[in-house]
């Protein structure tokens, strides 16, 4: 069985044609152009799906999407204005009405966790937390081998844990949220404030690796924010593993060592006795894998 799988990101929509074993027969992408709104984004997916239906004879469609997603009905429960007009959109219904194909939708961070549990860093792990670090911070929770989505499909919003009361204003309307201090964007802001110039994170990490002390001090401050949030998450859920995804995971074991040492200094003994931290094995590809897993779990 061939299906189309999409990952709706902020700048691009990745897509693939896959079989049930996640062998990718085609991979490509196109610009999201999220500013055009949710309807325009879904229209692009419909257009691409119709082309794939004709050329690849796909029999289903599955989507990894930003926002809080009702994964039973394929509805966007809530989304920020990063994609205007996306909240409340009946994605599955809209796409199915044109393509005639079964359509499944799941939150992108949940898809990361599903993908890593299926084929990646969390294979065989029953209780783990997936934290994706990018422009914001997302979370997904696995309990007893199953994805936990909460009472209204909104569990895992760890980016909006209150890290510092009365802190920086957040796009969610609150102040002091975790992602304002520990996201990749927050790190970028810290770097630019420290050095008073634009330095991309790739160059910044190269500077840390080369021994630049000022850069290392910035990284250590950012990691301290990151692990202060992780400390609360670990003490709440007592997981076996934390999987870190998002673009920051490309830094691999170098960054992982900083995170491990900082976090383990903050944890109570029993919470760290069997805890491991890993970077996501498949990085952004995990979203596609997770969407595939989600689709077949509904069959």
Quick check on the range 159-177. Is at least one of its residues under 20 Å from residue 65 (Cα atoms), touching a residue at least 40 places away in the same chain (Cβ under 8 Å) and within 18 Å of the chain's Cα centre (by Cα)?
yes
Selection count where residues are more than 17 Å from the chain's Cα centre (by Cα) and surrounded by 16 or more Cβ atoms within 10 Å (Cβ to Cβ), scope the range 182-198
4
Here is a check on your reading of the model: is residue 233 outside the structural domain of residue 157 (by TED's automatic domain parsing) and at pLDDT 95 or above?
no
So which of 248, 259, 244 ends up being within 18 Å of residue 127 (Cα to Cα) and either in contact with a strand residue (DSSP E or B) (Cβ under 8 Å, 6 or more places away or on another chain) or not in a helix (DSSP H, G or I) (or both)?
244
Does the range 246-258 hold any residues that are touching a helix residue (DSSP H, G or I) at 6+ places or on another chain (Cβ under 6 Å) and at pLDDT 95 or above, and which are they?
258
Criterion first (assigned by TED's automatic domain parsing to the domain that holds residue 136, modelled with pLDDT under 95 and surrounded by fewer than 18 Cβ atoms within 10 Å (Cβ to Cβ)) does residue 168 satisfy it?
no
Could you look through the range 230-264, keep only residues that are touching a residue at least 60 places away in the same chain (Cβ under 8 Å) and closer than 24 Å to residue 200 by Cβ, and pick out the one that is surrounded by the most Cβ atoms within 10 Å (Cβ to Cβ)?
245
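Do we find a residue being in the same structural domain as residue 146 (by TED's automatic domain parsing), in a helix (DSSP H, G or I) and within 20 Å of residue 128 (Cβ to Cβ) anywhere in the range 206-226?
Within the range 206-226, one or more residues are in the same structural domain as residue 146 (by TED's automatic domain parsing), in a helix (DSSP H, G or I) and within 20 Å of residue 128 (Cβ to Cβ).
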Test: residue in the range 209-222 that is within 16 Å of the chain's Cα centre (by Cα) and without any contact (Cβ under 8 Å) to a residue 40 or more places away in the chain
no
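The values are calculated or read from the model by the stated rules, or taken from the named source; none is laboratory data. Please read these numbers as outputs of a predicted model, since none were measured by experiment. Cβ sites come from the backbone with ideal geometry, for glycine too, and all protein chains shown count toward neighbours.
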